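For reference, the structure is listed below as structure tokens.
The values are calculated or read from the model by the stated rules, or taken from the named source; none is laboratory data. These numbers come from a predicted model, not from an experiment. Note that each Cβ is placed from the backbone with ideal geometry, even for glycine, and that neighbours are counted across all protein chains shown.
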Amino acid sequence: MSTFKRNLKLGWRNILKNKFFSFLNIGGVAIGMAVTTLILFWVVDELNYDKYHKNLSQIYQVYEHQVYSDGQDLHTGCTPFPLSSELKSTYPEVINASTYTFLGGQPVKYQNKEYKDIGLMLADKEFTNLFSFEITEGDAKALESPDQIMITQKVVDLFFDGESPIGKVLTVYGSYNFTVGAVISCPEKNTSITFDILASIKVAEALGADLTRWGNNWPFTSLLLEEGTNTDNLESKITGLLKEKGQENTSLFLFPYTKMHLYNFSDKNNRIQYIYQFLAIALIIVLIASINFVNSSTASSETRRPEVGIRKVLGATKANLTNQFFYEKGLMIAISLVLGIILVFAFMPLFSQLADKKISLSLLGNKYLILMLFVMVASILVLSVAYPSIYISSFAPARVLKKAPKGNGSRFSFRSMLVVLQFTLSIVLVICTIAVTTQLNFINDYDLGYNQDNLIYINLDEATQTKHEALSAEFKNITGVVNLSKADKLPFYGGNSSWGYDWQGKDPENKVLICIMRVDRNYFETLGIQLAEGRSFSSIYDNMKTEDSDMTGEVILNQEALKRMKMEEPIGKTFGRNGQEKLPIVGVAKDFHFESLKNGIEPMLMVPLTQDPDVLILRIQPENFTKTLASITSKWEEIIPDTSCEIGFFDQRLERMYNSEKRISGLFSYFSFVAIFIACIGLFGLSVFAIERKRKEIGIRKVNGSKVTQILAMLNKDFIKWVVISFLLASPIAWYTMNQWLQNFAYKTTLDWWIFALAGVLAIVIAVLTVSFQSYKAAVRNPVEALRYE
Amino acid sequence: MIKTTDLTKVFRTDEIETSALNKVNVHVKKGEFVAIMGPSGCGKSTLLNIIGLLDNPSGGEYYFDGKQVGHLKERNRTLLRKGNIGFVFQSFNLIDELSVYENVELPLIYLKLKARERKEMVEKVLDRMKISHRKKHFPQQLSGGQQQRVAIARAVVAHPKLILADEPTGNLDSKNGTEVMNLLTELNQEGTTIVMVTHSLRDSEYAHRIINLFDGMVITQEVKKELREMLL
């Protein structure tokens, strides 16, 4: 029999001999490997974004940094329309440039089919050349004409049921008709750009944009640079361009497209932090599982002492023995690996669901994943196999043959050190999990400054908004509708911001970026926004119509705007744009949050709505809620029979805003749970050994009158000591980590002492429960049984 | 074959220093059968461990086959031990996870012999020890006498020059004990040097010579078998 086969056979016999410990060891490592693999899948999927663009490394996005007074600033990808052609014609290193803008989900109709949420992108003709979107059917030059569009396969499937879509006419946003010129492919996942319909940028003109104006920041600008371009150099050449064009507070910068998914222009709240967090958890889990393996192996090796001795007596060298144990431990890891793979397959669907990702096995071909998996297995091998093998084989032969080996103090404390490390890591995870959950609850319960419950909205398009008067008249008559308001947009969308406002007593140097919303006078009451001062708009604007988009009538500002404008006693003072209009300020709204609480409150300006509204907002009574919704839908269908009514909910909308945080904190808790579970497996295994060592002591103590509770206390004391030390080590680490994470939020909870106390108590309770299972058994044992062995 | 001069061994713990061997001078010729006797704790096993190259002395010199080996490193001791010295213990010290055949084969594996050679040698020695029919069994399935026969088979399979036996009959009844002693005598008659530690006067009668140890020192060692018979 070859050495290989012989050692494997022997390893297998030893695994079977210690079934219980083998099971703990193999199980722990298998779970660790499986969870780590799933985490790595997640990480690689995140790293895999935008890879489909052939020239990815040469693509850069231009972004603006706008600076205002009092440290207010804005990083935005919105740039002037003429920017791309200017850059392309001026700088030879710019091979190609494209202007494009995403208009969000729009209602699209074809014959009697209508879908409300079709992503519409406007782009110039270079868009498909610069990025790698393939034209699968039709005319590649379709974007040159403003009445043609390209559609993705998803839209083809929705509307055309097997027919060729080329030449068919789709109606977008109620009144814009486009002919399908081509079918284009756009990946559904791992992409920063998504769209369903691609139309010419010239359509923006029809929406009121002047494509030659430098003062208006709207579309995105992406550049394809010559290979090897010094981007710092290019950046320094273009950074002042907009200052020359009149935007004196704005600088231009280049952002590599490779960073698009994981970084922000402002370099704050970068998504990459989640990658680091998840990799850290993966590392912790591997470490905890490996430590289990090491501890359990060295602890159980006490029983292997005689064998090692005999082998040495019979001529085995240290290398022979290391080799033998390496096979045995390696075999265990191999079994764990197989089990781990099975677990990965079993939990893949659940994980995909939790992570909201389509995790596919095709990722296995990814070289980073292969590398990371290899590193994982290699580090487990080194950590869990090498050390125990060397440790066991180093027993001295003459000592080994003596009866009971003396407990080796230093080894034991090395093992305790590893347990402390495990528990420290676990407690850090527990504290972080509690802190993350607390923060998310804090956000959920935060007074947003308006009441989102029972508040619904209905978006209107160009065809339906003309019916807004009939709709609102009918809706108001429905018994469950408490209030109704009209606005030019939903408050979630930041919308148009400008710093070109003037007001009475303005310091000419004070530049404030203010976001404008047009709303009717019921707006504040409907949404439950309180006025700190003054009143809402006068009723004379209720039915007023103006042609252009200028400001009319009266002004209401939020508190944040007043603070930034440094205005006191605002009621009656005047406010306007470009020194032109002088409108009286009639009210001050208390600050309210519509954006994610990651962001602070922005200065807001509200003026009366004097055009057709884009959205209706209704407050509904909680009683008979569904019945009221049904009445709203049926009224809509009476008035506009050819378009369906789609109702949105404010509270759901808000929840979606925190979706990413919620998912990630959810995953975080699951992974922490796994880590703690594996650590407990290890503690359990170790307690069996520790108690076995004290078998005789327990017997003697009992013979001399010790009670079961006293024995229990004696046995548990050591373990509690370890947990307490771990807790003391873990607290500052967790505090620092969580403090860093909370920096991402403009509104954050405090890291109260109870978070740490709760984690500490949890850890002790879990540890005591784990250990007590064994120590109780030992404590109630008949003392003669223990002493008989001597 | 074995010669020690002023051999000492001291065990130290944090507080206590225990002298196990004190200037021990022993000389064993090739082909001799020597018994080491003495009360518990007199240093018999310590002496045997040093002779068997399992441990190093704290002082003095030890010549094995004419070579000074008292201060060899563990690695070199292992090399010298392999194939030259066989061990038989009171508690048999078989490996539970290995079958009878595998236990006996073990020294040959560490000698790096080829599988076919090993098979031949193992079969032969198992036959001789009359234990061939149990070669696939594991130690726990055997009686004490059978286990000790396996242990002796393992000790002699590589044809060592020296067999060290530490109370080989201590865990056996008298019938099995006699059988084991007869086996050792047979091996000695074939030319193998044997050094045996024992408490049993009966066993010591098989030896040519008895070394008496007391408190780590040699008291008598040239007591001939015949002389002792006269004294008794």
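Mind listing whichever residues of the stretch A:1-50 are in contact (Cβ under 8 Å) with a residue 40 or more places away in the chain, of a type in the set (D, E, K, R) and part of a helix (DSSP H, G or I)? A:ASP45, A:GLU46, listed by residue number.
So that you can scan it fast, the table gives a plain yes or no per residue for (1) part of a strand (DSSP E or B); (2) of a type in the set (D, E, K, R); (3) touching a strand residue (DSSP E or B) at 6+ places or on another chain (Cβ under 7 Å):
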{"residue": "A:ASN217", "(1), (2), (3)": "no, no, yes"}
{"residue": "A:ASN233", "(1), (2), (3)": "no, no, no"}
{"residue": "A:GLU248", "(1), (2), (3)": "no, yes, no"}
{"residue": "A:PHE253", "(1), (2), (3)": "yes, no, yes"}
{"residue": "A:ASN270", "(1), (2), (3)": "no, no, no"}
{"residue": "A:TYR276", "(1), (2), (3)": "no, no, no"}
{"residue": "A:ALA282", "(1), (2), (3)": "no, no, no"}
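Has the stretch A:14-30 got at least one residue that is closer than 29 Å to A:SER132 by Cβ, at pLDDT below 90 and surrounded by fewer than 22 Cβ atoms within 10 Å (Cβ to Cβ)? Please lay out each step first, then the result.
Of the stretch A:14-30, the ones closer than 29 Å to A:SER132 by Cβ are none.
Checked the stretch A:14-30: no residue is closer than 29 Å to A:SER132 by Cβ, at pLDDT below 90 and surrounded by fewer than 22 Cβ atoms within 10 Å (Cβ to Cβ).
Just one of (1) surrounded by 17 or more Cβ atoms within 10 Å (Cβ to Cβ); (2) on the phi > 0 side of the Ramachandran plot fails for A:GLY705. It is (1). Among the residues of the stretch B:75-97, the ones that are more than 7 Å from chain A (Cβ to nearest Cβ) and either free of Cβ contacts under 8 Å to residues at least 40 places away in the same chain or aliphatic (A, V, I, L, M) (or both) come to 7 in all.
Residue count for the stretch B:123-143, restricted to those that are of a type outside the set (Ser, Thr, Tyr), away from chain A (no Cβ under 12 Å) and surrounded by 15 or more Cβ atoms within 10 Å (Cβ to Cβ): 9.
A:SER175 fulfils the conditions (1) under 28 Å from the mean Cα position of the chain (by Cα); (2) surrounded by fewer than 16 Cβ atoms within 10 Å (Cβ to Cβ) except for a single criterion, (1).
One residue stands out in the stretch B:154-163 among those that are part of a loop (DSSP other than H, G, I, E, B) and under 19 Å from B:LEU48 (Cα atoms): the one that is nearest to the other protein chains (Cβ to nearest Cβ), namely B:PRO160. Can you tell me which residue within the stretch A:51-83, out of those that are at pLDDT 90 or above and assigned to a strand (DSSP E or B), is surrounded by the fewest Cβ atoms within 10 Å (Cβ to Cβ)? Filtering first and then ranking leaves A:HIS65. Could you please let me know if A:LEU471 is under 14 Å from A:VAL615 (Cβ atoms) and either of a type in the set (A, V, I, L, M) or not assigned by TED's automatic domain parsing to the domain that holds A:ILE529 (or both)? For A:LEU471, the condition - under 14 Å from A:VAL615 (Cβ atoms) and either of a type in the set (A, V, I, L, M) or not assigned by TED's automatic domain parsing to the domain that holds A:ILE529 (or both) - is met. Of all the numbered requirements in (1) outside any helix (DSSP H, G or I); (2) within 14 Å of chain A (Cβ to nearest Cβ); (3) buried (at least 19 other Cβ atoms within 10 Å of the Cβ), B:ALA151 misses one, and that requirement is (1).
May I ask you to verify whether B:GLU97 is surrounded by 15 or more Cβ atoms within 10 Å (Cβ to Cβ), over 21 Å from the mean Cα position of the chain (by Cα) and closer than 20 Å to A:GLY315 by Cβ?
So B:GLU97 passes the test.
Residue-wise test of (1) assigned to a helix (DSSP H, G or I); (2) crowded, with 16+ Cβ neighbours inside 10 Å; (3) over 36 Å from the mean Cα position of the chain (by Cα); (4) not aliphatic (A, V, I, L, M).
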site	(1), (2), (3), (4)
A:ARG305	yes, yes, yes, yes
A:ALA319	yes, no, yes, no
A:ILE335	yes, yes, no, no
A:VAL338	yes, no, no, no
A:MET348	yes, yes, no, no
A:LEU363	yes, yes, no, no
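Restricting attention to the stretch A:633-682, which residues are more than 30 Å from A:GLY174 (Cα to Cα) and polar (S, T, N, Q)? A:ASN659, A:SER660, A:SER665, A:SER669, A:SER672, listed by residue number.
Restricting attention to the stretch B:98-114, does a residue exist that is free of Cβ contacts under 8 Å to residues at least 24 places away in the same chain, among the charged types (D, E, K, R) and at the interface with chain A (Cβ under 9 Å from one of its Cβ atoms)? So far as the stretch B:98-114 goes, yes, one or more of its residues are free of Cβ contacts under 8 Å to residues at least 24 places away in the same chain, among the charged types (D, E, K, R) and at the interface with chain A (Cβ under 9 Å from one of its Cβ atoms). Considering the stretch A:449-567, the qualifying helices (runs of 4 or more DSSP H), each wholly inside and each with 3 or more residues that are more than 39 Å from the chain's Cα centre (by Cα), run over A:468-477. Looking at the stretch A:90-101, can you tell me whether even one residue there is crowded, with 19+ Cβ neighbours inside 10 Å and over 25 Å from A:TYR173 (Cβ atoms)? Yes, the stretch A:90-101 contains at least one residue that is crowded, with 19+ Cβ neighbours inside 10 Å and over 25 Å from A:TYR173 (Cβ atoms). Every condition in (1) without any contact (Cβ under 8 Å) to a residue 12 or more places away in the chain; (2) assigned to a helix (DSSP H, G or I) is met by B:GLU179 except one, and the failing one is (1). Across the stretch A:612-635, the number of residues qualifying as surrounded by fewer than 16 Cβ atoms within 10 Å (Cβ to Cβ) and either free of Cβ contacts under 8 Å to residues at least 60 places away in the same chain or in contact with a strand residue (DSSP E or B) (Cβ under 8 Å, 6 or more places away or on another chain) (or both) comes to 5. Residues in the stretch A:153-207 that are of a type in the set (A, V, I, L, M), part of a loop (DSSP other than H, G, I, E, B) and at pLDDT 90 or above: A:ILE166, A:ILE193, A:ILE201. Could you list, in sequence order, all residues of the stretch A:103-119 that are modelled with pLDDT of 90 or more and under 21 Å from A:ASP50 (Cβ atoms)? Within the stretch A:103-119, just A:GLY119 meets the criteria. Look at the stretch A:287-315: where a residue is facing chain B (nearest Cβ under 7 Å) and a partner is of a type in the set (Phe, Trp, Tyr) and buried (at least 23 other Cβ atoms within 10 Å of the Cβ), sitting 6+ places away or on another chain with Cβ atoms under 6 Å, you get A:VAL313/B:PHE87.
Put simply, of A:SER192, A:SER164, A:SER145, A:SER185 the only residue that is touching a His at 6+ places or on another chain (Cβ under 8 Å) and surrounded by fewer than 21 Cβ atoms within 10 Å (Cβ to Cβ) is A:SER192.
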